[in-house]
1. Consider L24 against the criteria (1) surrounded by 17 or more Cβ atoms within 10 Å (Cβ to Cβ); (2) out of contact with any Phe, Trp or Tyr (no Cβ under 9 Å at 6 or more places or on another chain); (3) farther than 24 Å from R199 by Cβ: it satisfies all of them except one. Which criterion is unmet?
2. Hey, which of the helices (runs of 4 or more DSSP H) in the range 120-200, taking only ones fully inside, have at least 3 residues that are within 19 Å of D3 (Cα to Cα)?
3. Given A76, A7, A65, which one is crowded, with 20+ Cβ neighbours inside 10 Å, more than 19 Å from G191 (Cα to Cα), in contact with a helix residue (DSSP H, G or I) (Cβ under 8 Å, 6 or more places away or on another chain) and hydrophobic (A, V, I, L, M, F, W, C)?
4. Can G78 be described as touching a residue at least 12 places away in the same chain (Cβ under 8 Å), under 30 Å from A146 (Cα atoms) and either in contact with a strand residue (DSSP E or B) (Cβ under 8 Å, 6 or more places away or on another chain) or not aromatic (F, W, Y) (or both)?
5. Which residue pairs have Cβ atoms closer than 9 Å, lie 6 or more positions apart in sequence or on different chains, and pair a first residue in the range 143-169 that is without any contact (Cβ under 8 Å) to a residue 40 or more places away in the chain with a second residue that is assigned to a loop (DSSP other than H, G, I, E, B) and charged (D, E, K, R)?
6. List the number of the failed condition for T91; all other conditions in (1) over 24 Å from L22 (Cβ atoms); (2) in contact with an Asp or Glu (Cβ under 7 Å, 6 or more places away or on another chain); (3) among the hydroxyl-bearing types (S, T, Y) hold.
7. Looking only at the range 144-157, decide whether some residue is farther than 20 Å from Q35 by Cα, of a type in the set (S, T, N, Q) and modelled with pLDDT under 95.
8. State all residues of the range 115-148 that are over 15 Å from the mean Cα position of the chain (by Cα), over 14 Å from W169 (Cβ atoms) and small (G, A, S); if no residue qualifies, say none.
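The values are calculated or read from the model by the stated rules, or taken from the named source; none is laboratory data. Predicted, not measured: the structure shown is a model, and the values here were computed from it. Because the Cβ atoms are built from the backbone with ideal geometry, glycine has one as well, and the counts that use them run over all protein chains shown.
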Amino acid sequence: MRDKVLAKAVIGQDTLLRQAALVLGGSLFIAVAAQISVPFFPVPMTLQTLAILIVGLTFGSRLGAVTLLAYLGEGAMGLPVFANGGFGLATLAGPTAGFLVGFVGMAWLAGLAAEKGLARGVVTTTLCCMAISVLLYIPGAAWPMAVAEAAGVSGKWVGSSAGAIWTYWVSPFLLGDAVKAVIAAMAVWGGWKALEARRG
């Protein structure tokens, strides 16, 4: 049966050592991407979610989610892996905490789409990535709107209205999300094409 996950197709049978190397490498890839900001409209575009989509699509659901858990763990331990060099438990309870937690689900869904054969061509992969990117806004918006307050977190952003969430947290980033979905799809599709050419 043909492999549907790129990493498994490239490295063959999974071993614990290979999986650990992928998790470490994937979390480092995401950490580096989180520090890169590209000029874009209407706001600069960070490459963090692009890296997460690529990791999920290439690692599969389970390993992709584990990679993101490792990434969050690294940040919780004080490594500056989050956007703008953020780290620590304060960041994990800050305004973007819902997105950080949602990253685990994002990688898992991307991997699941690959495993189910939904994300193989450029068009289908792009559509999957767009849908997954939109779903990320559910935990991302729920945290500042209600969950943080219920958890006893305080801050000016706690209890934000739906209008504020849309204006400041969602709409400025949608175009960038669409672009990153296309780039992720092309990167993974290119990886499959390169593998097929090598096997020739």
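1. It fails just one condition, (1).
2. Numbers: elements: 122-135, 137-142, 174-199.
Helices (runs of 4 or more DSSP H) meeting the threshold: 122-135, 174-199.
3. That would be A65, the only listed residue that is crowded, with 20+ Cβ neighbours inside 10 Å, more than 19 Å from G191 (Cα to Cα), in contact with a helix residue (DSSP H, G or I) (Cβ under 8 Å, 6 or more places away or on another chain) and hydrophobic (A, V, I, L, M, F, W, C).
4. Details: touching a residue at least 12 places away in the same chain (Cβ under 8 Å): no; under 30 Å from A146 (Cα atoms): yes; either in contact with a strand residue (DSSP E or B) (Cβ under 8 Å, 6 or more places away or on another chain) or not aromatic (F, W, Y) (or both): yes.
Spelling it out, it is not the case that G78 is touching a residue at least 12 places away in the same chain (Cβ under 8 Å), under 30 Å from A146 (Cα atoms) and either in contact with a strand residue (DSSP E or B) (Cβ under 8 Å, 6 or more places away or on another chain) or not aromatic (F, W, Y) (or both).
5. Cβ pairs passing all conditions: none.
6. T91 satisfies every listed condition except (2).
7. Yes, there is a match, as at least one residue in the range 144-157 is farther than 20 Å from Q35 by Cα, of a type in the set (S, T, N, Q) and modelled with pLDDT under 95.
8. Selection gives G117, A119, G121.
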